[in-house]
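Each reported figure results from applying straightforward, stated rules to the coordinates on display, with no laboratory input. Here the structure is a predicted model, which is why all the values come from computation and not from measurement. For neighbour counting, all protein chains shown are included, and Cβ atoms are generated from backbone atoms with ideal geometry for every residue, glycine included.
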Amino acid sequence: MSLLFRDIGGASPTPAGSVVCIGAFDGLHRGHQALIGRARARARELGLPLVVLSFEPLPREFFMAPEPPARLILPAAKIAGLQALEVDVIGLLRFNPAMVAMAAEDFVRALLVAKLAAREVWVGPDFRFGHRRGGDVALLQRMGAELGFATHALPLVEDAGERVSSTAVRAALANAELDRAAVLLGRPYTIPGRVVRGKQLGRTLGYPTANLRFGGKRPPMHGIFATWVHGVGDRPMASVSSLGTRPTVNGKEPLLEAHLFDFNGDLYGKRLSVEFVAKLRDELKFDGLPALIEQMDRDSAQARAILASLPKAGHPHSLSLTTP
């Protein structure tokens, strides 16, 4: 189990030194995995703990409110993913006005040196930080030479000539290119979470659903999908899922609703992970519930056919993002 901290102040979790990796890490895609993997290898060579620093909310979410960019992964799933990558200490720093106002040099001295006793710092080549994005790799290298740590910037990871990035993953998902997103992520795109109680409208329509909230964040795609649900039993369960705001019933908050085929049981409070296989259609607003039910029948039949055509139920996950 990794140690978690949220603030720059307080006692040092790594008084004898550490290897530190910094980034937003939205999605924990192949580029993130490569960066963390290199830092982890160095930490093990030096006999030091690996610290990964990220931010919540993400800086872009903070600056672009109230219209933030789409979010790939929620905080609990990010923590679980970092634990799966064998990170020893996770710093999920509160990105607030105080953090925004902090000069890059103060960030280095207060956090990297005073709190974490960093011996090495690993970042992406275009990493920027501090007030008005005044810090970069060159500043880290200069300050590290004075304060006793080395800085390494890992080259970009590319696939088929495209940079592996959170932006590329968001674009693939927005365009319903789920196979391409899976290549960039190194695993199928999934949304994990705890099943919450909804209005139980699906049950009255003959389609009971397991409902997962998206934490008030903006999801990277909307629509109706063929999906696998992990976490109910030993094998993933075929399902059809809706991700969006449910315009026919005037929904507001983004909600993930998964209808598990041939299942009858109570899933409230259970932690599940919904794996997206194929998009069936966009969200639509129907004239009434009968028209909605007819479309749900068609969606279910299509999802069943797609999932039945696959060689096996679900895909192997190279990185577990199921929340602990």
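Can you tell me the FRET efficiency between residue 3 and residue 167 if r is taken as the Cβ-Cβ distance and R0 is 30 Å, rounded to the nearest 0.05?
It comes out at approximately 0.45.
If I take R0 = 41 Å and measure r between the Cβ atoms of residue 174 and residue 12 in this structure, what FRET efficiency does the formula 1/(1 + (r/R0)^6) give, to the nearest 0.05?
Result of the calculation: an efficiency of 0.50.
What FRET efficiency comes out for residue 309 versus residue 286 if R0 is 30 angstrom and r is the Cβ-Cβ distance? Round to the nearest 0.05.
Step by step, r from the Cβ atoms, then E = 0.60.
Note down the nm distance, to one decimal, between modelled labels 7 Å out along Cα→Cβ at residue 67 and at residue 105.
Output for this residue pair reads 3.8 nm.
For 143, 102, which order do you get if you count the other beta carbons within 10 Å of each Cβ and list the fewest first?
102, 143
Need one word for the range 3-159: rounded, prolate or oblate. Basis is the Cα gyration tensor (sqrt eigenvalues a ≥ b ≥ c); a/c below 1.5 gives rounded, then a/b vs b/c decides.
Because its axes are fairly even, with a/c under 1.5, the range 3-159 counts as rounded.
Per-residue HN-Hα couplings for the range 93-102, Karplus 6.51 cos²θ - 1.76 cosθ + 1.60 at θ = phi - 60°, whole Hz, x for Gly and Pro?
6, 6, 8, 9, x, 5, 5, 4, 7, 6
Over 26 Å between Cα atoms: which of 115/270; 115/217; 217/270 fall into that group?
Where the Cα-Cα span goes over 26 Å, the pairs concerned are 115/270; 115/217.
Once Rg and Dmax of the Cα atoms in Å is worked out from the coordinates, which option in (i) 21.5, 71; (ii) 19.4, 60; (iii) 18.5, 55 does it equal?
(i)
Give me, ordered by chain and number, the residues 5 or more places off residue 86 or on other chains with an amide H under 5 Å from its own placed amide H.
Here nothing satisfies the definition.
Can you pull the one-decimal nm distance between simple spin-label points at residue 46 and residue 98, each 7 Å off the Cα toward Cβ?
That separation, rounded to one decimal, is 2.7 nm.
Spelling out what I want: for every residue of the range 104-117, take phi, set θ = phi - 60°, compute 6.51 cos²θ - 1.76 cosθ + 1.60 (Karplus), and round to whole Hz; glycine and proline get x.
Karplus-based 3J(HN,Hα) across the range 104-117 equals 4, 5, 5, 4, 5, 5, 6, 9, 5, 8, 5, 8, 10, 6 Hz.
Taking a cut-off of 19 Å between Cα atoms, list the aspartates and glutamates near residue 279, but don't count ones fewer than 8 places away on the same chain.
In chain and number order, the partners are 177, 179, 257, 294, 297, 299.
Please compute the contact order of the chain in relative form: average sequence separation of alpha-carbon pairs under 8 Å and at least six residues apart, divided by the residue count, as a percent.
18
What 222 nm value per residue comes from the helices of the chain, counting each DSSP H run with n ≥ 4 as -39,500 (n - 2.57) and dividing by all residues, nearest 500 deg cm²/dmol?
-8500 deg cm²/dmol
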